[in-house]
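Let me begin by presenting the structure, written as structure tokens, before commenting on it.
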Amino acid sequence: MDVFAKQYDWIKRTRESLFNYCETLSTLDYIKEREAFGGDSIRNLHAHVANCYRVWLGNRALGKTLPEINSEYINNVKEMREVFRKTDILVNEFLNEFEGKWDKTIQVTFARGGRNTFTTLWLFTHTATHEFHHKGQIVKIGRQLGYIPPDTDLIEP
């Protein structure tokens, strides 16, 4: 058993719980930008999370050229689920490519200048923890909009 594939399976289960919750929100609330969150909406945060996986795992680790997801073209949770279906394919490709090679280093050059080296383990850990950070923000926005969230902590098998 690959422990990281299993871990990502738990992440997907937790994300499914969050998507189920988001489907209880009105479409207008899902896309409503909140000043308290720097003008972000739940939709925008979901797109940001997907973009993190695309940039770090797809573009940087796998050497792909994946365009940024523009949240303005995503109108509802159903469409966002499709974005994450493709994200899951990308993450699985990353996990298969680097299975057993978690100390492999990836050289990254940043758009604003500078370079750094990251291990594939760091890349996977960064993207997973990043998703959970924004999951908390999504739940907080939902509460501010008057929706009661379920427990969205890591879902056990």
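Among the residues of region 29-51, which ones are within 26 Å of residue 67 (Cα to Cα) and among the aliphatic types (A, V, I, L, M)? Steps first, please.
Taking region 29-51 and keeping what is within 26 Å of residue 67 (Cα to Cα), we get 30-34, 37-51.
Correct list: 31, 42, 45, 47, 49, 50.
Residues checked against (1) modelled with pLDDT under 95; (2) in contact with a strand residue (DSSP E or B) (Cβ under 9 Å, 6 or more places away or on another chain); (3) surrounded by fewer than 16 Cβ atoms within 10 Å (Cβ to Cβ); (4) under 22 Å from residue 148 (Cα atoms):
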{"position": "2", "(1), (2), (3), (4)": "yes, no, yes, no"}
{"position": "25", "(1), (2), (3), (4)": "no, no, no, yes"}
{"position": "29", "(1), (2), (3), (4)": "no, no, no, yes"}
{"position": "42", "(1), (2), (3), (4)": "no, yes, no, yes"}
{"position": "51", "(1), (2), (3), (4)": "no, no, no, no"}
{"position": "79", "(1), (2), (3), (4)": "no, no, yes, no"}
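Within the set of pairs 6+ apart or on separate chains, which have a first residue in region 92-111 that is closer than 12 Å to residue 124 by Cβ, a second that is surrounded by 15 or more Cβ atoms within 10 Å (Cβ to Cβ) and among the basic types (Lys, Arg), and C-beta atoms under 9 Å apart?
106/60
Name the residue, out of 6, 12, 64, that is closer than 17 Å to residue 90 by Cα, charged (D, E, K, R), free of Cβ contacts under 8 Å to residues at least 60 places away in the same chain and in a helix (DSSP H, G or I).
Values: 12 fails: free of Cβ contacts under 8 Å to residues at least 60 places away in the same chain; 64 fails: in a helix (DSSP H, G or I).
Only one candidate qualifies: 6.
Of all residues in region 137-150, which are surrounded by 10 or more Cβ atoms within 10 Å (Cβ to Cβ) and either within 21 Å of the chain's Cα centre (by Cα) or not in a helix (DSSP H, G or I) (or both)?
First, the residues of region 137-150 that are surrounded by 10 or more Cβ atoms within 10 Å (Cβ to Cβ): 137-145, 147, 149-150.
Those that are surrounded by 10 or more Cβ atoms within 10 Å (Cβ to Cβ) and either within 21 Å of the chain's Cα centre (by Cα) or not in a helix (DSSP H, G or I) (or both): 137, 138, 139, 140, 141, 142, 143, 145, 147, 149, 150.
Residue by residue, here is whether (1) farther than 26 Å from residue 120 by Cα; (2) part of a helix (DSSP H, G or I); (3) over 11 Å from the mean Cα position of the chain (by Cα); (4) of a type outside the set (Asp, Glu) holds:
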residue: 24; (1), (2), (3), (4): yes, no, yes, yes
residue: 36; (1), (2), (3), (4): yes, yes, yes, yes
residue: 48; (1), (2), (3), (4): no, yes, no, yes
residue: 54; (1), (2), (3), (4): no, yes, no, yes
residue: 58; (1), (2), (3), (4): no, yes, yes, yes
residue: 69; (1), (2), (3), (4): no, no, yes, yes
residue: 75; (1), (2), (3), (4): yes, no, yes, yes
residue: 82; (1), (2), (3), (4): no, yes, yes, no
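The values are calculated or read from the model by the stated rules, or taken from the named source; none is laboratory data. What you are looking at is a predicted structure, and each value in this text was computed from that prediction instead of being measured. Heads up, the Cβs are rebuilt from the backbone with ideal geometry, glycines too, and the neighbour counts pull from every protein chain shown.
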